[in-house]
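Scroll down for the structure; my scribbles are underneath it.
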Amino acid sequence: MGEFEHIIESARRIVDMEVRGAGRIARFAAEVLMRFAEEIEKDFDEKMSEASKILLNTRPTAVSLYNSVNYVMNYSGDSVEEKRKDVIRRAREFIQWVDSAKREIGRIGARRIRSGSTILTHCNSSAALSVIKEAARKGDIRVYATESRPRYQGHITVRELADEGIDVTLIVDSAVRYFMREMDYVVVGADAITVNGALINKIGTSQIALCASEARIPFIVAAETYKFSPKTLSGETVVIEERDPSEVAPESIRKSGVKVRNPAFDITPRRYIDLIVTEIGAIPPEMAYVVIKERLGYTIPSKEEITLVPEHYD
Ligand code: RUB
């Protein structure tokens, strides 16, 4: 078990949300696999595959994690040394993809935001914040951020924005409809985008989308293409992670026979989404299929497991 110690510890960090947010999780997984590959002496394929499984079993909704592991695991080579080299190259490529995509999304997304606007965001999305920060660099922007119970990722968001000198207001999740008419845009991130253009993001996102639609406020999603779910092309649905009740209610309530449910994410149908800003352009949700087929290079698999076609990545 000693050999897998670092992998297990890394998986624990993802489960406990020390490393969180779909993009960061994906980047972290590529780094962890790269470091692991550097140390393997024998049984390279078996060990890499075991390490991948451990990482994949952490947060089921983050499709970026699956895409990251799949990208790195598409290595080739005859000898252990060749395989190791290829894993390292692929992991570096993926990390580079994560970093450049975020910058590009900021650049593209900010063009859609008029100076003088107020933006509502939910949870803590590095892609959404890339858009907001870039818009604030170019113009005058105010932000409203939800707390995002039960884990309060909104606190990370407001600190991050305040540190950049951006005018930011924290609100409770249930105040979204109260403030919606004062907003000009909603900008959120994504844990996954399905083939039919639905968004899976932090619990509460779909209620916000509903309020935005009612108030006719544009609802914009910032999502790198590795957040798009290839498995949905072959009919699988995205698993919604349900976390421990202790995040929501104290022991006295949990022990009193009250049931507590704690889904971490929800699904926003594409009709509530005006635009998905990706690193390859701002697209309507209806184009999700094209991204999965053309950009991620997937076809409906004939075998059980789908693998990436590496040539389709930049
Ligand atoms: C985070 C969350 C974020 C997306 C996108 O959930 O829902 O909106 O992961 O983030 P959690 P990013 O805190 O449970 O991981 O744009 O940084 O990938």
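Within the chain, what's the longest stretch lacking GluC sites (Glu not before Pro) that sit in DSSP loops with no more than 10 other Cβ atoms inside 10 Å? That gives 42-303 as the longest site-free run. Dividing the summed -39500 (n - 2.57) terms of all DSSP H runs of n ≥ 4 by the residue count of the chain sets its mean residue ellipticity at 222 nm at -12500 deg cm²/dmol.
Among bridges DSSP assigns within the range 156-314, what percent are antiparallel (round to 5)?
Values: 10 of 17 bridges.
Beta bridges within the range 156-314, antiparallel portion: roughly 60 percent.
On a 0 to 90° scale, report how tilted helix 22-39 is relative to the longest principal axis of the chain, with both axes built from alpha carbons and the result rounded to the nearest 10. Taking Cα atoms only, the helix is inclined about 20 degrees.
Can you tell me, using C-alpha contacts under 8 Å and at least 6 residues apart, the relative contact order of the range 52-103 as a whole percent? Please list the in-between numbers first.
Numbers: 22 pairs, mean separation 14.0, N = 52.
Value for the range 52-103: 27 percent.
Listed values for the range 238-245 are Karplus-derived 3J(HN,Hα) couplings in whole Hz (6.51 cos²θ - 1.76 cosθ + 1.60, θ = phi - 60°), namely 7, 6, 8, 5, 10, 9, 5, x, and x replaces Gly and Pro.
Placing unit charges on the Cβ atoms only, positive for Lys and Arg and negative for Asp and Glu, gives the chain a dipole magnitude near 1120 debye about its Cα centre.
Using a Gaussian network model of the chain in which every pair of alpha carbons under 10 angstrom is joined by a spring, one finds that among Ile119, Ile193, Ile276 the greatest mean-square fluctuation is at Ile119.
Considering all C-alpha pairs of the chain, those separated by over 32 Å amount to 29%.
Axis angle, to the nearest 10 degrees, between helix 126-138 and the longest C-alpha principal axis of the chain: 50 degrees.
Are there any trypsin sites (Lys or Arg not before Pro) in the range 189-284 that are in a DSSP loop and have at most 10 other Cβ atoms within 10 Å? List them by number. Numbers along the way, then the final one.
Numbers: sites: Lys202, Arg216, Lys227, Lys231, Arg243, Arg254, Lys255, Lys259, Arg261, Arg270, Arg271; in loops: Arg216, Arg243, Lys255, Lys259, Arg261.
Passing both the DSSP loop test and the Cβ count: Arg216, Lys255, Lys259, Arg261.
With an 8 Å cut-off on Cα pairs and a minimum separation of 6 or more residues, tell me the relative contact order of the chain in percent. Before the final figure, lay out the partial values.
On the way: 582 pairs, mean separation 51.9, N = 314.
It rounds to 17 percent for the chain.
Just checking the listed ones, Val19, Val69, Val260: in the Gaussian network model of the chain with Cα springs under 10 Å, the one fluctuating most is Val260.
A Gaussian network model of the chain, with springs between Cα atoms under 10 Å, assigns the largest mean-square fluctuation among Thr237, Thr61, Thr225 to Thr237. Dimensions of the range 2-104 based on its C-alpha atoms, expressed as ranges along the principal axes with the largest first, amount to 35, 32, 17 Å.
Bridgeable lysines around Lys202 (alpha carbons under 26 Å apart, same-chain partners fewer than 8 residues away excluded): Lys53, Lys102, Lys133, Lys227, Lys231, Lys259, Lys293. A straight Cα-to-Cα reach below 18 Å connects Lys47 with the aspartates and glutamates Glu3, Glu5, Glu9, Glu31, Glu38, Glu39, Asp78, Glu81, Glu82, Asp86, residues fewer than 8 places away in its own chain not being considered.
None of the figures in this text is laboratory data; all of them are computed from the coordinates on show. Predicted model, so just to flag it, every value in this text is computed and none were measured. Neighbour counts are summed over all protein chains in view; Cβ atoms, including those assigned to glycine, are modelled from backbone coordinates with ideal geometry.
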